[in-house]
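Take a look at the structure below.
Just so it is clear, none of the values below were taken in a lab; they were calculated from the coordinates. As the structure is a computational prediction, the values presented were derived from the model and not from experiment. Ideal geometry is used to build each Cβ from the backbone, glycine not excepted, and the neighbour counts take in all protein chains shown.
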Amino acid sequence: MMSRRLAKASQAVLETVSLTIMRHIRDPRVKNVTVLSAEVAPDMRTARVHVSVMGTPKEQSLCMHGLQSACGFFQAKIADRLETRYTPVLTFVLDQGVKRSIETSKALREVIPVDEAEEEGEDSLDDDLYDEEFEDDEAEVAGELNEEASSSGAVDPVVTSEEAGRVSDGAAGDDSVTGDAGDTGVSGESKSV
């Protein structure tokens with residue numbers, strides 16, 4: 001079982017290497033890299049970083065050489081982050097797990113053919129059921145909103161052209177509009193329509 005100190009150091013190495021690859025490495029050989037995990041030795045002097053590289057075996061080999069040549073740069077970044085007596089010497093290990101899982105899923109799709117007609121029929125049936133349920137829910141919500149509006153006695157704020165003219169005249173500084181609800185029917189309160 002890994003101690004808490006080693007687990008934190010491994011996590012720090014993982015995060016530092018990932019961010020350094022993403023932000024600071026400009027080597028054209030280093031591309032399509034995913035840092036999967038990091039293991040720090042109990043004496044904190046070495047660390048193994050497991051990476052996955054997508055591409056041909058030649059691209060993977062070039063990427064691994066680029067990562068190994070940038071090892072000193074990675075260690076300097078890790079030294080800033082860890083602040084321990086020894087900075088772990090990094091070793092990059094190519095992990096083929098992700099690539100193998102993609103190849104396996106492709107092989108399974110080829111071996112187990114899916115009848116397209118059945119797949120389309122099932123999908124369209126599911127879509128039809130979903131559309132009907134959605135329409136029913138939509139009608140129910142609209143009915144509830146109409147009931148709430150009618151029960152609360154709310155009236156739609158419809159402004160006639162005559163009222164709009166009086167309000168706009170008052171906004172323009174017409175002296176005929178007073179602060180009370182006198183002849184014009186417009187109160188001194190501001191209302192948003």
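Would you mind stating whether S105 is exposed (fewer than 12 other Cβ atoms within 10 Å of the Cβ) and of a type in the set (G, A, S)?
Considered against the rule, which asks whether it is exposed (fewer than 12 other Cβ atoms within 10 Å of the Cβ) and of a type in the set (G, A, S), S105 comes out as yes.
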## Note on the structure
For region 38-59 the number of residues that are touching a residue at least 40 places away in the same chain (Cβ under 8 Å) and either under 21 Å from M22 (Cβ atoms) or buried (at least 17 other Cβ atoms within 10 Å of the Cβ) (or both) is 9
### Task
Hand me the list of helices (runs of 4 or more DSSP H) wholly inside region 1-91 holding 3 or more residues that are closer than 25 Å to E103 by Cα and either among the aliphatic types (A, V, I, L, M) or more than 23 Å from the chain's Cα centre (by Cα) (or both).
57-69
